[in-house]
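In what follows, a single structure is set out as structure tokens and then discussed.
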Amino acid sequence: MVGIAYPLGFISISGYVSPNKEFHWLASALFGILLCRIVYKLTGLISLHSFKGYQKLTKAEKVEWNNRGFSTVHAIGVAVASFYLILLSDTFHEDSSDVLIISRRSTLSDTTLGISIGYFLSDIAMIFWHFPALGGLEYVLHHGLSMFSIFLSLISGEGQIYILMVLFSESTTPFVNLRWYLDIAGKKNSNLYFCNGVALFLGWLIARILLFIYFFVHMFFHFDQVKTIFPLGFYSLLSIPPVLAMMNLFWFWKIAKVERFGFATSNGAKKRRAGFAAAGVGGDGEGEKTSKGVGGGGLPISFGEAKRLMRLVNVEALKTKLGTEGKEAIPYNDLLEACQSIGVARSKEEAAAFARVLDEAGVILLFRDKVLLHPDRVPLCVSAPGGFADIDTEGCPESCI
């Protein structure tokens, strides 16, 4: 194989790269891609025979279900390898070698980084192919920065201790995926879902918040070594980890917000529902009024529960999905398709039930085969010449404005 050539000064790796190393890196990355493919297929096959609800999932949900299978396997593998390399092996212990800690590496660390590149390539390819079903631009940014950092460390042999610290933060991924699996399986009210939420909160705090604090402290006390890294690696080490840390903080804030709500309501929710059931009314005291088809397993939920679900949905994002900026009304079928595409509903029946929830809550107004997006402007529309008759999918009459 021909050695990799780079501009001098920008990436200084002369004397480090060899044909054997290149083959090892390429083989590790290809193995990571192959492993993702195998686990993707096995996840679908095993789920088909062990989980009855798998067949009822939509095609998009099955893709995400299988995708989360290989992301879980990768997360567990790299977390275990990183933990071993940093804490249990002598590779990165301060006094185990005369080599600068910033320049230490091993065959196992190279293999771990190569497999991770293969995983990130596989995952980002699926994200682009199914965009935005498997993740938005924030996931593209996260994966792109991760691959770039891992690649630089792999081909230079420098800064691997910091890459492994960041890879250990993937240990929270199994909890994130389990949360999604339980949600899609209709187990959101189970004790396992609650315990997993607590584990996710604590795991994220340790692996993605406190670990990053240690990351920056360690880099500060070894800054004399950090400065010896080639220019691109040095500036990447100073800029990329803070970006990842800010993303982790943002996601942690969202997790903490959800978990606080779940902890506050979990203890009393079942008692309240049992009390209302004994009295013959729904969970919010609204009698037997239910919205069938919304929720896991096709079981009816109370209208009040559906309204709480509605409050968790970003309605403005739904309107943006429809491209309704500046419009007053849209066809009813457009709303149903949008509800399905963003994951609010799995079928047209569920989407119709959710549309009724939005209508009852005053977020929209259902009128014949149209959806009025701004119910507060209805009086103006009624007073306009022609009233509702003049409303079409392009908006209200000029007199409504």
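Values computed for the structure shown
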{"read-out": "Selected residue (criterion: farthest from Leu34 (Cα to Cα)) from residues of the range 57-82 that are among the small types (Gly, Ala, Ser) and at pLDDT 95 or above", "value": "Ser82"}
{"read-out": "Residue match in the range 40-55 (condition: under 26 Å from Leu154 (Cβ atoms), modelled with pLDDT of 95 or more and open to solvent by less than 30 Å² (accessible area, probe 1.4 Å))", "value": "no"}
{"read-out": "The range 110-158, subset of a type in the set (Gly, Ala, Ser) and surrounded by fewer than 17 Cβ atoms within 10 Å (Cβ to Cβ), residue farthest from Val78 (Cα to Cα)", "value": "Gly136"}
{"read-out": "Selection from the range 217-248 of residues that are part of a helix (DSSP H, G or I) and exposed (fewer than 14 other Cβ atoms within 10 Å of the Cβ)", "value": "Val217, Phe220, Phe221, Phe223, Asp224, Pro231, Tyr235, Leu238, Ser239, Pro242, Val243, Met246"}
{"read-out": "Residue within the range 213-226 that is closer than 18 Å to Val78 by Cα and over 16 Å from the mean Cα position of the chain (by Cα) present", "value": "yes"}
{"read-out": "Search result, residues across the range 66-80 that are open to solvent by less than 20 Å² (accessible area, probe 1.4 Å) and of a type outside the set (Val, Ile, Thr)", "value": "Asn66, Asn67, Gly69, Phe70, Ser71, His74, Ala75, Ala79"}
{"read-out": "Conditions (1) farther than 20 Å from Ser71 by Cα; (2) open to solvent by less than 60 Å² (accessible area, probe 1.4 Å); (3) assigned to a helix (DSSP H, G or I); number of the one not met by Gly203", "value": "(1)"}
{"read-out": "Residue list for the range 181-197, restricted to those being surrounded by 14 or more Cβ atoms within 10 Å (Cβ to Cβ) and not in a loop (DSSP other than H, G, I, E, B)", "value": "Tyr181, Leu182, Ile184, Tyr193, Phe194, Asn196, Gly197"}
{"read-out": "Condition check for Leu366: modelled with pLDDT of 75 or more and either in contact with a strand residue (DSSP E or B) (Cβ under 8 Å, 6 or more places away or on another chain) or open to solvent by less than 80 Å² (accessible area, probe 1.4 Å) (or both)", "value": "yes"}
{"read-out": "Matching residues in the range 155-166 - criterion: being aliphatic (A, V, I, L, M) and at pLDDT 95 or above", "value": "Ile161, Ile163, Leu164, Met165, Val166"}
{"read-out": "Those residues of the range 133-165 which are β-branched (Val, Ile, Thr) and in contact (Cβ under 8 Å) with a residue 24 or more places away in the chain, in sequence order", "value": "Ile150, Ile155, Ile161, Ile163"}
{"read-out": "Residue match in the range 63-86 (condition: closer than 22 Å to Leu152 by Cα and outside any helix (DSSP H, G or I))", "value": "no"}
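The values are calculated or read from the model by the stated rules, or taken from the named source; none is laboratory data. The shown structure was predicted, so the numbers you read here are calculated from the model rather than taken from an experiment. A quick note on method: Cβ atoms are made from the backbone with ideal geometry, for glycine too, and the neighbour counts reach across all protein chains shown. These accessible areas exclude ligands, DNA and RNA; they are computed on the full protein's heavy atoms, side chains included. Shrake-Rupley method; radii C 1.70, N 1.55, O 1.52, S 1.80 Å.
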